[in-house]
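Contents: one structure, followed by commentary.
FYI, it's all coordinate maths here, none of it is from the lab. Everything quoted here is computed from the prediction, not taken from an experiment. Methodologically, a virtual Cβ is constructed for each residue, glycine included, from the backbone with ideal geometry; neighbour enumeration extends over all protein chains shown.
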């Protein structure tokens, strides 16, 4: 019986050690669970903060993309306007060239007409000079005849 008692004593001692180890482990588990809860809560708060920050950054990116789309649209409108202005400038340049050519033609015609008119004026002037010379001769002849008629007895 003594052997049974010794075995029982050892079993009781082992059970006491196991109970003590279980109490120690339970206490440690409670500490570890508290630590893990605190850590999990901290990670949750960090995660929420990062999520909010990420959401804010995404909204900023959306706003920037919208702004850049607006600028791209504005640039396209300006490019179309510039293209239209370039086409209009080409048409205007052609019209100015045509107008300059027409102006040159007109000036040449006016000069030719002026030369013809000047020629006619010169011709008329010579004719008038001849007429004046003839009138003067006629007047001199009439005057001389009048003088001759007036001096006769």
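A crude spin-label estimate for the pair residue 12 and residue 66, with each label 7 Å from Cα along the Cβ direction, gives 8.1 nm. Note on region 3-89: percent of Cα-Cα distances in each 10 Å bin, starting at 0 and stopping at the bin with the largest distance, equals 13, 14, 13, 12, 10, 9, 8, 7, 5, 4, 3, 1, 0. Paramagnetic label reach from residue 92 (point 7 Å along Cα→Cβ; backbone nitrogen cut-off under 18 Å): within region 68-85, residues 78-85.
Considering only 82, 121, 58, the Gaussian network model of the chain with Cα springs below 10 Å gives its largest mean-square fluctuation to 121. The base-10 log of I(q)/I(0) for the chain, evaluated at q = 0.13, 0.15, 0.18, 0.19 Å⁻¹, reads -1.00, -1.06, -1.15, -1.18 [Debye formula, identical scatterers on Cα atoms, solvent excluded]. With respect to the chain, whose longest principal axis is taken over its alpha-carbon atoms, helix 2-150 is tilted by about 0°. The label point for residue 83 and the one for residue 4, both projected 7 Å from the Cα toward the Cβ, are 10.9 nm apart.
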